[in-house]
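The values are calculated or read from the model by the stated rules, or taken from the named source; none is laboratory data. Keep in mind the model is a prediction, meaning the values are calculated, not measured. All Cβ positions, glycine included, derive from the backbone under ideal geometry; neighbour counts span all protein chains shown. For accessibility, only protein heavy atoms count, side chains too; no ligands or nucleic acids. Shrake-Rupley method; radii C 1.70, N 1.55, O 1.52, S 1.80 Å.
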Amino acid sequence: MSAPATSPRTAADAVSTARIAELIGLIRSTTGESRTTVSPLTGDPVAEIPVSSIDDVEASFDAARAAQLTWSQTSLRERSRALLRLHDLVLERTDELIDLIQLESGKARAHAFDEVVHVALTARFYARRLRRQMKSDRRSGALPGLTTVHVNHVPKGVVGIISPWNYPLTMALSDGLPAIAAGNTVVHKPDSQSPLIALAGIELLRDAGFPADVWQVVSGAGSVVGTEIIERADYICFTGSTATGSLIARQAADRLVSCSLELGGKNPMIVLPGADVEKTAAGAVNACFSSAGQLCVSIERLYVPDSLYEEFRDAFVRRVNALSLGAGLDWDVDMGSLVSPAQLETVTKHVDDAVVNGATVLTGGRARPDLGPCFYEPTVLEDVTDAAQCFAGETFGPLVSLYRYGTVNEAVELANGGDYGLNASVWGPVRQARAVAVRIKAGTVNINEGFAATFGSIDAPMGGMRHSGLGRRQGAEGIHRYTEPQSVAVQRALPMSGPDFLSSQTYAKMLTIGLKVLRRTPRA
């Protein structure tokens, strides 16, 4: 694992003081208090971020509710056009967005670019399909020809979004875009580590033509500001840990409001006996170490058949050793930094604990303070026992464990072990892989890809099973979660209770005959 030559562009080049002032002006804050954010690339201060009060949260909801009354009446065509303008602006301003992502999260430039692409894809998808997804649907009525039913998709109102640090642009915007496209407004708390890139995205919304009050921003501790959002929102969207998600689910349930939660994962990858070893090893590197493994759908468990184990292990380790690490803002770095000292500590503890419990480090296993304060080498372990913390617990870092298996049935059983069910990956002949995929308890399964095939397919829903969350982002599911289905029925000619000139008994007999006739009609 090498460090590239010194980059001509560093974290200090990412953003000016004047630009920071423009961005933080989007936060509603009257406290006069602030907190300092730090770049994981260097450990240097980035910005003084205003802290919002409970009154600021209240004012944000007041403004959002007032705006929602008007915004929900705008045409679907107008909303679609704004989404397409956003798509274009995101691509036009790619360089600044990537710089900010790297500055605040520490990830490599190629992995930061993934976020820009995902936001653009999301904006275009909902712009193109908004009319189809939001139009009233005609349904079958109780009495054919006499009862007509339409189902409307009514916006919930004000959506509360609490977004994470690991994908600070796409998780800030991509969950909220279908919410406002459906006619809702948003009150948003970006993560305290990475507010600037979220603010840059929100600025693009306004530049694209979305009214300013449609998307409100507050800042502060999740225990204070986040709790106040949950107490006021008509719907909650959260991405983060399973522990925090469970608390939010209880809070939402107490208020009888819905929520979507994308939570933790201990994602498995199964290598089938017929897999191409070199291609699979190359794919596994990206699946495990994109964004330094700080990705909800990143692979942390790798199951390999006995017949291929040594060949795959050697090919995988060779490719991991070839990865370059660095803090530069250019494209020649393969893997960047962890996001914080706390995340570095977690990875270090998991590796050290695994070794104490009998694991072997095949490559990596060291912090790299020579590169930056939060760097850790991409690490591959084998012989990990169930006594190790990283056996079943999510690391959320550049750490993956290799395991042997004898039969495919055994591999599926191992992959389904534990409490999570977010993402999985299967490599091998497609027909065999598809047969395995349907047996895996995960919300997304990628065949001959780690995670990007499902993550980048915006038409397909994405979310977790079991302790990995509730609800789905993306697809029609991703926008309909922000709406209430409303059934509107029109009854013509004959009342449902029957005409006045027939007795109830006679009408019941006629209905019975009608039901028997309809039973023989294929379309009824």
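How large is the dipole of the range 431-481 about the Cα centre if only Lys and Arg carry +1 and Asp and Glu carry -1, each at its Cβ, rounded to the nearest 20 debye?
Working: 8 positive and 3 negative charges, 50 e Å.
With Lys and Arg at +1 and Asp and Glu at -1, about 240 debye.
Over 30 Å between C-alpha atoms is what I'm after, so list which of Lys349/Lys441; Lys279/Lys441; Lys189/Lys266; Lys441/Lys516 land there.
On the way: Lys349/Lys441 28 Å; Lys279/Lys441 25 Å; Lys189/Lys266 26 Å; Lys441/Lys516 41 Å.
Listed pairs above 30 Å: Lys441/Lys516.
First select every other residue whose beta carbon is under 10 angstrom from the beta carbon of Ser53; then total the charges, Lys and Arg +1, Asp and Glu -1. Numbers along the way, then the final one.
Values: positive: Arg28; negative: Glu33, Asp55, Asp56, Glu58, Glu228.
After counting each charged neighbour, the total is -4.
Can you check what the net charge comes to around Val351, using other residues whose Cβ is under 12 Å from the Cβ of Val351 (Lys, Arg +1; Asp, Glu -1)?
On the way: positive: Lys349, Arg366; negative: Glu345, Asp352, Asp353, Glu377.
After counting each charged neighbour, the total is -2.
Given Cβ point charges of +1 (Lys, Arg) and -1 (Asp, Glu) and nothing else, what value in debye, to the nearest 20, does the dipole of the chain about its Cα centre take?
Working: 50 positive and 56 negative charges, 669 e Å.
The calculated dipole for the chain is roughly 3220 debye.
Quick one: Kirkwood hydrodynamic radius for the range 235-307, alpha-carbon pairs, angstrom, one decimal?
Details: mean 1/r = 0.0687 Å⁻¹.
Averaging 1/r across every pair of different Cα atoms and inverting gives 14.6 Å.
For Val361 paired with Asp419, estimate the spin-label separation in nm (one decimal), with each label point 7 Å from Cα along the Cα-to-Cβ line.
2.9 nm
If N is the number of residues in the range 78-128, what value comes out of its Cα radius of gyration divided by 2.2 N^0.38 Å? It would help to have the intermediate numbers written out before the result.
Numbers: Rg = 11.8 Å, N = 51, 2.2 N^0.38 = 9.8 Å.
Taking N as the residue count of the range 78-128, the ratio is 1.20.
Rounded to two decimals, what is the ratio between the C-alpha radius of gyration of the range 362-519 and 2.2 N^0.38 Å? Working shown, then result.
Numbers: Rg = 27.1 Å, N = 158, 2.2 N^0.38 = 15.1 Å.
The reported ratio for this selection is 1.80.
Taking R0 as 30 Å, what FRET efficiency do you get between Ala342 and Arg132 from their Cβ-Cβ distance, rounded to the nearest 0.05?
Values: r = 44 Å, r/R0 = 1.47.
The pair Ala342/Arg132 has a calculated efficiency of 0.10.
Let's test this: bin the Cα-Cα distances of the range 220-355 at 5 Å from zero up to the farthest pair and state each bin's percent.
For the range 220-355, the pair-distance distribution reads 2, 8, 13, 16, 15, 13, 12, 9, 6, 5, 2, 0.
On a C-alpha basis, how far is the centre of the range 440-497 from the centre of the range 54-96 in Å? Whole number, if you could?
23 Å
With each label point set 7 Å from Cα along the Cα-Cβ vector, what nm distance links Asp332 and Ala212?
Between Asp332 and Ala212, the simple spin-label model gives 4.4 nm.
What full-extension length gain, to one decimal in nm, is calculated for Thr407 and Tyr507 as 0.36 nm per residue of separation minus the Cα-Cα distance?
On the way: separation 100, 0.36 × 100 = 36.00 nm, distance 6.30 nm.
My answer for the length gained is 29.7 nm.
At q = 0.17 Å⁻¹, what log₁₀ I(q)/I(0) does a Debye calculation on the Cα points of the range 165-249 give, no solvent, two decimals?
Scattering profile of the range 165-249, log10 relative to I(0): -0.69.
Considering the dipole of the range 346-423 built from charges on the beta carbon (Lys and Arg +1, Asp and Glu -1) around the Cα centre, which of Leu402, Thr379, His350 is farthest to its positive end?
Result: Thr379, furthest along the dipole toward the positive end.
Determine the dipole magnitude for the range 379-495: charges of +1 sit on the beta-carbon of Lys and Arg, -1 on that of Asp and Glu, nothing else is charged, the reference point is the Cα centre, and the result goes in debye to the nearest 20. Intermediate values should be presented prior to the final figure.
Values: 10 positive and 11 negative charges, 122 e Å.
It comes to approximately 580 debye.
Choose one of Thr148, Ala233, His188: the residue whose Cα lies farthest towards the positive end of the charge dipole of the chain (beta-carbon charges +1 Lys, Arg; -1 Asp, Glu; about the Cα centre).
Of the candidates, Thr148 comes out farthest on the positive side.
Rounded to the nearest 10 Å², what accessible area does Val225 have for a 1.4 Å probe in the complete protein model?
For Val225, solvent-accessible area is about 0 Å².
With unit charges on the beta carbons (Lys and Arg positive, Asp and Glu negative) and the dipole taken about the Cα centre of the range 52-102, which residue among Leu97, Ser52, Trp71 sits farthest to the positive side?
Checked the options; the winner is Trp71.
Using 7 Å Cα-to-Cβ label points, what is the Ile54/Ala392 separation (nm, one decimal)?
Here the modelled spin labels are 3.9 nm apart.
Rounded to the nearest 500, what is the 222 nm mean residue ellipticity of the chain from helices alone, with -39500 (n - 2.57) per DSSP H run of 4+ residues and division by all residues? Provide the component values of the computation, followed by the final result.
Working: 19 runs with 212 residues, N = 524.
Result for the chain: -12500 deg cm²/dmol, rounded to the nearest 500.
What are the aspartates and glutamates whose alpha-carbon lies under 20 Å from the alpha-carbon of Lys135, with same-chain residues fewer than 8 places away excluded?
Excluding near neighbours in sequence, the set is Glu78, Asp459, Glu477, Glu484.
Taking all protein chains in place and a 1.4 Å probe, what share, in percent, of the accessible surface of the range 366-524 do carbon and sulfur account for? Can you show the working numbers first?
Numbers: 4700 of 8490 Å².
Carbon-and-sulfur percentage of accessible area, whole number: 55.
For the chain, what number results from the quotient of the Cα radius of gyration and 2.2 N^0.38 Å?
Dividing the Cα radius of gyration by 2.2 N^0.38 Å gives 1.08.
DSSP loop (so not H, G, I, E, B), at most 11 other Cβ within 10 Å: list which GluC sites (Glu not before Pro) in the range 276-367 pass both filters. Walk me through the intermediate numbers first.
Numbers: sites: Glu278, Glu300, Glu310, Glu311, Glu345; in loops: none.
For GluC sites (Glu not before Pro) across the range 276-367 that sit outside H, G, I, E and B with at most 11 neighbouring Cβ atoms in 10 Å, the list is empty.
What whole-number value in Å² describes the accessible area per residue of the chain for a 1.4 Å probe?
On the way: 21790 Å² over 524 residues.
Using a 1.4 Å probe on heavy atoms only, each residue of the chain averages 42 Å².
Rounded, prolate or oblate, given the Cα gyration tensor of the range 106-234, with a/c below 1.5 counting as rounded? Please report the intermediate quantities before stating the final value.
Details: a/c = 2.70, a/b = 1.77, b/c = 1.53.
Prolate, since a/c reaches 1.5 and a/b exceeds b/c.
Could you work out the local net charge near Ser290, counting Lys and Arg as +1, Asp and Glu as -1, over the other residues with Cβ closer than 15 Å to its Cβ? Working shown, then result.
Working: positive: Lys107, Arg109, Arg319; negative: Asp114, Glu115, Glu300, Asp334, Glu449.
Its environment carries a net charge of -2.
Using Cα pairs closer than 8 Å and at least 6 residues apart in sequence, work out the relative contact order for the chain, in percent. Numbers along the way, then the final one.
Numbers: 1122 pairs, mean separation 95.4, N = 524.
Rounded, it is 18 percent for the chain.
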